[in-house]
Amino acid sequence: MSDRRPGPTAPDLPLPAAAGGTPAPAPVHPAAVLAALADGDRLRCYAAAVLHGPLGEDELVELAGVAPTRVARAVRRLVAVGLLELIDGALQAPPGRWSEAARAAGRLRPLRDPTDLGADEAAAVILRRFFRDGRLTVIPTQRTKRLAVLDLLAQQFEPGRVYPEAAVNETLSGFHPDFAFLRRLLVDEDFLERRGGFYWRSGGTFEIG
């Protein structure tokens with residue numbers, strides 16, 4: 001069974017400008033905006049601000065029904081992700097902030113896991129250290145781990161099919177920019193056979209049945 005994990009593929013959301021037009025210092029990922037409302041205190045404070053804002057902190061305590069110290073913690077987080085703004089001493093929810101985050105989060109897709117590329121779960125435990133969203137981020141120096149990476153790369157080539165070098169380069173460049181080095185490793189470690197500018201599978205894990 002694939003162990004797919006969600007990850008960011010959409011741009012982070014800019015925080016709303018602070019009072020006076022000063023831009024916020026850093027963008028916030030849409031998932032972080034939505035996750036801020038997973039906490040009950042923060043959800044009640046946000047709902048009160050949406051329905052009744054702008055509010056002073058004392059009014060927020062009364063309307064949210066949350067203790068003052070917990071409101072203070074909730075407000076800090078909600079302001080940090082842009083769901084609340086403090087303007088002229090009053091807290092208010094910027095219009096459209098939540099819906100903007102929800103739309104952006106809906107465009108996110110799952111990260112590609114090594115299991116999606118053909119690795120079994122045992123191999124994927126090792127491979128996840130070197131792959132990020134289907135891209136090889138580092139080529140292992142330890143041979144046993146490098147062989148696990150090369151085995152996964154070799155599985156991207158169909159057994160019994162002959163590939164011109166350009167096709168091999170195109171496939172490998174989808175994993176790492178140094179496709180020539182990967183191609184040489186695959187040949188040197190007997191995962192691919194090469195003759196006259198053509199390549200075919202000669203080793204690695206094969207699916208049976």
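The values are calculated or read from the model by the stated rules, or taken from the named source; none is laboratory data. The structure displayed is predicted, hence computed values, not measured ones. Don't worry about glycine lacking a Cβ; one is built from the backbone with ideal geometry, like all the others, and counts go over all protein chains shown.
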### Query
When ARG128 is evaluated against the numbered criteria (1) of a type outside the set (A, V, I, L, M); (2) at pLDDT below 85; (3) under 17 Å from ARG146 (Cβ atoms), which criterion, by number, is the only one it fails?
(2)
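Residue by residue, here is whether (1) loosely packed, with under 14 Cβ neighbours inside 10 Å; (2) modelled with pLDDT under 90 holds:
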site: ARG107; (1), (2): yes, yes
site: GLY134; (1), (2): yes, yes
site: LYS145; (1), (2): no, no
site: ALA148; (1), (2): no, no
site: LEU152; (1), (2): no, no
site: ARG161; (1), (2): yes, no
### Query
Going through segment 42-56 one residue at a time, which ones are touching a Gly at 6+ places or on another chain (Cβ under 9 Å) and part of a helix (DSSP H, G or I)?
ARG44, ALA48
### Query
Within segment 104-122, restricting attention to residues that are touching a residue at least 40 places away in the same chain (Cβ under 8 Å) and either among the aromatic types (Phe, Trp, Tyr) or not in a loop (DSSP other than H, G, I, E, B) (or both), which residue is farthest from GLY56 (Cα to Cα)?
GLU121
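Among VAL71, VAL66, VAL61, which is outside any helix (DSSP H, G or I) and more than 29 Å from the chain's Cα centre (by Cα)?
Values: VAL71 fails: outside any helix (DSSP H, G or I); VAL61 fails: outside any helix (DSSP H, G or I).
The unique qualifying residue is VAL66.
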### Query
Can you name every residue in segment 174-198 that is assigned to a helix (DSSP H, G or I) and surrounded by 14 or more Cβ atoms within 10 Å (Cβ to Cβ)?
PHE179, LEU182, ARG183, LEU185, LEU186, VAL187
### Query
Can you tell which of ASP116, ASP58, ASP88 is acidic (Asp, Glu) and closer than 30 Å to THR137 by Cβ?
ASP116
#### Entry: Selected residue (only one of THR137, THR171, THR205, THR144 is in contact with an Asp or Glu (Cβ under 7 Å, 6 or more places away or on another chain) and among the β-branched types (Val, Ile, Thr))
THR205
### Query
Only one of (1) within 30 Å of PHE175 (Cα to Cα); (2) buried (at least 19 other Cβ atoms within 10 Å of the Cβ) fails for TYR46. Which number is that?
(1)
### Query
Name the residues in segment 164-179 that are closer than 19 Å to LEU147 by Cβ, out of contact with any Ser or Thr (no Cβ under 6 Å at 6 or more places or on another chain) and not charged (D, E, K, R), would you?
VAL168, THR171, LEU172, PHE175, HIS176
### Task
Could you check how many residues of segment 85-103 are without any contact (Cβ under 8 Å) to a residue 40 or more places away in the chain and assigned to a strand (DSSP E or B)?
1
